[in-house]
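In what follows, a single structure is set out as structure tokens and then discussed.
Read-outs throughout are calculated quantities, based only on the coordinates presented, and are distinct from any laboratory measurement. Computed from a predicted model, the values in this text were never measured in an experiment. Because the Cβ atoms are built from the backbone with ideal geometry, glycine has one as well, and the counts that use them run over all protein chains shown.
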């Protein structure tokens, strides 16, 4: 399941760092307030909520909130910082991301995230350490599902309770709700594609469009613009930008899922092949490679390939021309995105922020 990306950075101070710090502070305040509610239920439940809070606060690039804030800036004539209530509303996107990551790791049966145990593995370990009754793995999955649901609930609470004016909130609720439906529908299509053994290029393109592009870039910039009261022309330009950058983001993620450095990505090398992901990169290689090589690539999907098999798979992906083709597609998507925001419908300072974020999202190593 590739929508969620790899969220550890490589030490490079990314554009929009000040925004990221304000988002972090808003998340910390909101999570502390929500945990006060949970603490009254039971200490054990509070510890679980603490696991979720740590998961949210201890990693990630805050990409989605920063795109939303760039969408807000793109609609405004001034270069001033967004007010605290707008930052809080945009920060709520990070809790949507947390829900997606926690549930994604369950679907993929992933053991690590950001170089640490996934939430379901961490809760499973607690069960084992305490020698509790029942199956530890099932307990871990059950609690992780509930923690993902809790993140989704807290996201809605943070967004609606952010303090933005009711009129602005009303404008933003449409893309907010659409985003949640789109990412779930894209997720379901992704699971269906893996189960049915899809090898065509159209299926991963559709998955990328709705599972990744919509909630990673398109809807965040749309939400930010809606909060700012942007005119339709600006919203259209931002959404076109968002679709292109979001698709390029996923294509970069597909590359990292096979060629990424585990020390940087926080995931095992070749993890996408082990998880059987039906990516555009894979479909392109199967189509371009010879029959034997194409069959080999399909044969290693969803298995535990040894180092020699991984090396052969990577060689086929490169030698078939699939890697070069996908890199060219990423470049074309970024060019399309930058063209979309080139008009006067987007403020100059907003355009700069969007360009920097697009580069960070698609040239990353993690």
Report task. Go ahead and set up a Gaussian network model of the chain, Cα springs under 10 Å, then flag whichever of 174, 186, 148 fluctuates most. Result -> 174
Query raised in the report: In whole angstrom, how far apart do the alpha carbon centroids of the stretch 289-366 and the stretch 202-276 sit?
Result: 11 Å
Query raised in the report: For the chain, modelled as a GNM with alpha-carbon contacts under 10 angstrom, which of 157, 165, 240 fluctuates the most?
Result: 165
Report summary line: So the pair-distance distribution of the stretch 82-222, from every Cα-Cα distance in 10 Å bins, comes to percents of 11, 33, 31, 19, 6, 0
Report task. Have a look at 188, 63, 179 and tell me which one the Gaussian network model of the chain (Cα, springs below 10 Å) gives the largest fluctuation. Result -> 188
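Would you kindly give the portion of the calculated P(r) for the chain that falls above 29 Å, as a percent of all Cα pairs?
Tail of the P(r) past 29 Å holds 40 percent of the pairs.
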Report summary line: From DSSP H assignment alone, runs of 4+ in the chain each adding -39500 (n - 2.57), the sum over residues rounded to the nearest 500 puts [θ] at 222 nm at -23000 deg cm²/dmol
Requested in this report: With just the Cα atoms of the stretch 270-319, tell me how far they stretch along each of the three principal axes, in Å, largest first.
Outcome: 24, 20, 16
Query raised in the report: Which value does Rg/Rh take for the stretch 218-363 over its C-alpha atoms, Rh per Kirkwood?
Result: 1.09
Requested in this report: Please report 177, 215, 139 as a ranked list, fewest other C-beta atoms within 10 angstrom at the top and most at the bottom.
Outcome: 177, 139, 215
